[in-house]
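Presented below is the structure to which this report refers.
Just so it is clear, none of the values below were taken in a lab; they were calculated from the coordinates. Because the structure is a prediction, the values reported are computed rather than measured. Neighbour counts run over all protein chains shown; Cβ positions are idealised from the backbone, glycine included.
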Amino acid sequence: MKKTLLFIYIIVVVNLIVSKQTYGHSNTSPPTLLSESAIVIDAKTGTVIYEKKSDTKMYPASLTKIATAIYAIENGNVEEIVTVSKDARNTEGSKVYLEEGEQVTLMKLIQGLLINSGNDAGVAIAEQLSGSVEQFSSDINEYLTNVIGLKDTHFENPHGLFDPDHVTTAADLAKVTQYAINNELFRETFGTVELEWTGESWDTTLITHHQLMREITYEGITGGKTGFVRKSGFTLATTAERESLSLIVITMKTNFKSEMYNDTINLLDYAFDNFQTSSISKGTVFDVDKREYKTPENLYYTHTLDEEVKMEVRNDGILEIMNQDDIIIESFPLEEINIEIMKNDTIKDMDKIMKTDLWTSSFWQSDFIKNTPLVLILVITCIVIYLRVKKVSN
């Protein structure tokens, strides 16, 4: 009986160990998604960790408001008072219930735009910054192209209500989100879960629509924005951070809300389970062919957890980070050091030598040397050479 119990105990323990090991490696393969398009990038490096048709043009719905918000923060005065127009008041879709003639700060409109997805706030912002929605669309498209570097985005409005020409890609949305979260004011608003709202016709508590920030708790979530119109399906932007890894996840076009959250959770799990960000401190020195180079700033690169990386500096001062298969995963230009110092030191040394040569030449031409016995001349010569060499070396 005791032997039987011991055998059963051993089997149970072994199963637990095997189960634990299997679970620990369950996310090494990328997940299968229901979203038509998606991308995961490292927020620090911009490295693409996962993508599915991320360059396909899609309808973004309210993810448009990420771009509108950062544009307003960078191009407007957030303390400026905005007077709400009739057109803004009558904008359809999700609202913060602004009234015609109501006066609010630009910052309050940005909060209503991001936290409660207020389309009326979006129109009020556009009219304040550009005079009209049409001109705002032109202005923000130029900004997204020239300032942020988007390539496949064209917006027709500030809020994302459907227009057949209002398109972007998951890759572009990840890029604009990466740019925006570097702004502290945007980052704080993007990560706000609740905000007390007092308006002329609506006093309430704004609560973010992003369920991973409130209802479905997920460790490390730092911000997010939801979107939906019938033609776009459900779209979602999410930022998250654990230890050294910061992520941006974009999912586009699912038929059901639960699908976009499941896809996002699976992508976050996959990235956190398999990737990390490593860094090289500013001022780190590398020697190559008797030349020294240093890192001009903190450098970051993304790699898998089990990946062995090595570093090599090319003759032109480019630092290459390679994996165990010698595939370059990142490269950085380094700053050459000691060039000016070496030039200055060389000039000083040459100057010392030239002065020594001139002094020595004058010495041998003097009457003192001509009238001095040979042995004494040799002694004096040795002393002079010793003193000159010592002076130059110092």
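Could you pull out the trypsin sites (Lys or Arg not before Pro) across segment 253-303 that fall in loop regions by DSSP (anything but H, G, I, E, B) with no more than 13 other Cβ atoms inside 10 Å? Qualifying residues, ordered by number: 282, 290.
Across segment 298-307, computed HN-Hα scalar couplings (Karplus, 6.51 cos²θ - 1.76 cosθ + 1.60, θ = phi - 60°) run 5, 10, 10, 9, 10, 7, 6, 4, 9, 8 Hz from first to last residue, x flagging Gly and Pro. For segment 164-175, putting each phi into the Karplus relation 6.51 cos²θ - 1.76 cosθ + 1.60 with θ = phi - 60° gives couplings of x, 9, 9, 9, 7, 10, 4, 5, 5, 5, 5, 5 Hz, in residue order, rounded to whole numbers and with x for Gly and Pro.
Scoring 304-317, 197-210 by mean Cβ neighbours within 10 Å over their residues and listing the highest first yields 197-210, 304-317. The residues neighbouring residue 259, those whose beta-carbon lies less than 12 Å from its own, together hold a net charge of 0 under the Lys/Arg +1, Asp/Glu -1 convention. Within 13 Å, Cβ to Cβ, of residue 71, how many net charges do the neighbouring residues add up to if Lys/Arg are +1 and Asp/Glu are -1? Charge balance in the 13 Å sphere: -2.
Database remark: amide H of residue 246 closer than 5 angstrom to the amide H of 43, 44 (H placed geometrically; neighbours at sequence offset of 5 or more, or on other chains; Pro and chain starts carry no H). Label-to-label distance, residue 163 versus residue 242, with points set 7 angstrom from Cα along the beta-carbon direction: 4.0 nm.
Couplings for segment 62-79, taken from phi via the Karplus curve 6.51 cos²θ - 1.76 cosθ + 1.60 with θ = phi - 60°, read 6, 5, 3, 5, 4, 5, 4, 5, 5, 5, 5, 5, 7, 10, x, 9, 5, 8 Hz in order; Gly and Pro are left as x. Full extension of the chain segment joining residue 192 with residue 285 gains 29.4 nm, where the gain is 0.36 nm per residue of separation less the Cα-Cα distance. Put simply, the amide H of residue 292, placed in the peptide plane, has neighbours under 5 Å in 337, leaving out anything fewer than 5 places away on its chain.
Between residue 316 and residue 331, the modelled label-to-label distance comes to 0.7 nm, taking each label 7 Å out from Cα in the direction of the beta carbon. Distance from the Cα centroid of segment 260-323 to that of segment 94-166 is 37 Å (rounded to whole angstrom).
Panel order for 150, 387, 247, by other beta carbons found within 10 Å of each beta carbon, from fewest to most: 387, 150, 247.
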